[in-house]
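Derivation of every value follows stated rules applied to the coordinates shown; laboratory data play no part. Since we're looking at a predicted model, the values are computed, not measured. Cβ: placed from backbone, ideal geometry, glycine included. Neighbour counts: every protein chain shown.
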Amino acid sequence: MSLFSKKQPILGPSPVEGKSVVLADLDGVVYAGPGAIDYAVESLNSVAEHTRVGYITNNASRTAASVAFHLRELGLDCAEEDVVTSPQAAMHLLAEVVEPGSTILVVGGEGLTYELEKNGYTVTFSAEDNPAAVIQGFSPELGWKHLAEAAFALNARPSADAFGGTVTDAQGEGIPWIATNMDWTIPVARGVAPGNGTLVSAVHTAVGRLPQVAGKPELPIFEEAARRFGTAEAPETALFIGDRLDTDVMGGNRAGMETVLVLTGIDQPKQLLAAPAGSRPTYILGDLRELQLPYPTPVTNKDGSVTVRGATVRKEGMDLVIVSRGEDKLDLLRAACQVIWDSGLAIFGFSVPEELYC
Ligand SMILES: [Mg+2]
């Protein structure tokens, strides 16, 4: 007798079916270094024929227009308004605490200064200009002097003048500090380098407090996208595609979206099997061609094993056992993830066959 009950579909709808917008992270999803990732451009253009496609990036060094230009160079059909950046999300946070027209100390590059000026703020790079807030995002030109100015501004007691003559208790803790994102590392052509989180951490050490954060996995950047693409009332109609569990998938899940982990970037089967609740994607894809293919639904059998098409995995004590391999290695990974995730147990307790990690 077949393992599958006729009532249980083996193939479900494709990840993009029924979605009102498909949002993609960039690095590790669309491109790696200077070049496009295999199948990403043609797959996203094909999705864009019937569903709105947007792009979300934590990288604060470039403007949305410059990101859109790069994506068009790679062959994507992309306009400036299709790109949501962490500086744009940071502007929304800033507007909640500081009036436009105020002077803002920038630790960062063009991506930040452009958005600040567009939103009516005055940009400074010196704490001596008595800034009303500090905003910090990555730029490859940043150095110690910029971080020191941020520390001087954040450590200074605010003057009454900066707040229209009154200083409340909250303001007494210092002026607002907003970071575009907290990515510890940034991939560049020559390798992995310190990212904005690392630079924020240097300032944090000097000032003894932490900034508000706009980028993934925090919600402001997803809220910015929801406002832009009209999904605030129905977040589950948005699909977020990322290559990192701790930023893309965690953030998308927090925002109530369905999420894809695509295995073309940072996180690989080992990280997926170990993913904590909250960082588990709705879909696991090998590459973006699968966005429009029916997705194989994991089926839990009566004996507790999980089958994904021809692949079945079972938990025996603390051993993960491959019952059948099926034809697609990804199905085996999907089944193994489901067994581990459903067990409620931590990955380090399990004995996992090495082939699942490849
Ligand atoms: Mg990425």
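Some notes on this structure:
- Dipole magnitude (debye, nearest 20) for the chain, charges at Cβ of Lys, Arg, Asp, Glu: 960
- With distances taken between every two different alpha-carbon atoms, region 87-213 has a Kirkwood hydrodynamic radius of 14.6 Å.
- The phi torsions of region 225-231, fed into the Karplus equation with coefficients 6.51, -1.76 and 1.60 and a -60° offset, translate into couplings of 5, 5, 5, 5, 9, x, 10 Hz, rounded to whole numbers, with Gly and Pro shown as x.
- Taken over the chain, the alpha-carbon convex hull comes to 153 cubic angstrom per residue.
- Relative exposure of Asp183, Asp287, judged by other C-beta atoms within 10 Å (fewest first): Asp287, Asp183
- DSSP loop trypsin sites (Lys or Arg not before Pro) with at most 16 other Cβ within 10 Å: longest gap in the chain: 8-189
- Over region 296-358, equivalent-ellipsoid semi-axes from the Cα gyration tensor in Å: 17, 13, 10
- Distances between placed amide hydrogens fall under 5 Å for Val123 paired with Ile104, all partners being 5 or more residues away or on another chain.
- Alpha-carbon Debye profile of region 182-242, log10 I(q)/I(0) at 0.24 Å⁻¹: -0.96
- When you filter the chymotrypsin sites (Phe, Trp or Tyr not before Pro) in region 1-106 for DSSP loop state and at most 14 other Cβ atoms inside 10 Å of their Cβ, you are left with Phe4.
- Karplus-derived 3J(HN,Hα), 6.51/-1.76/1.60, for each residue of region 248-263, Hz, glycine and proline x: 5, 6, 4, x, x, 4, 4, 7, x, 8, 7, 10, 10, 9, 9, 8
- For the chain, lysine pairs with C-alpha atoms less than 26 angstrom apart, excluding pairs fewer than eight positions apart on the same chain, total 16.
- Alpha carbon centroid spacing (whole Å) that separates region 83-113 from region 203-248: 15
- Backbone amide hydrogens, once placed in the peptide plane, bring Tyr295 within less than 5 Å of Gly12, Ser14, excluding anything fewer than 5 places away on its chain.
- Sites excluded, GluC sites (Glu not before Pro) in DSSP loops with at most 14 other C-beta within 10 Å, longest stretch of the chain: 234-326
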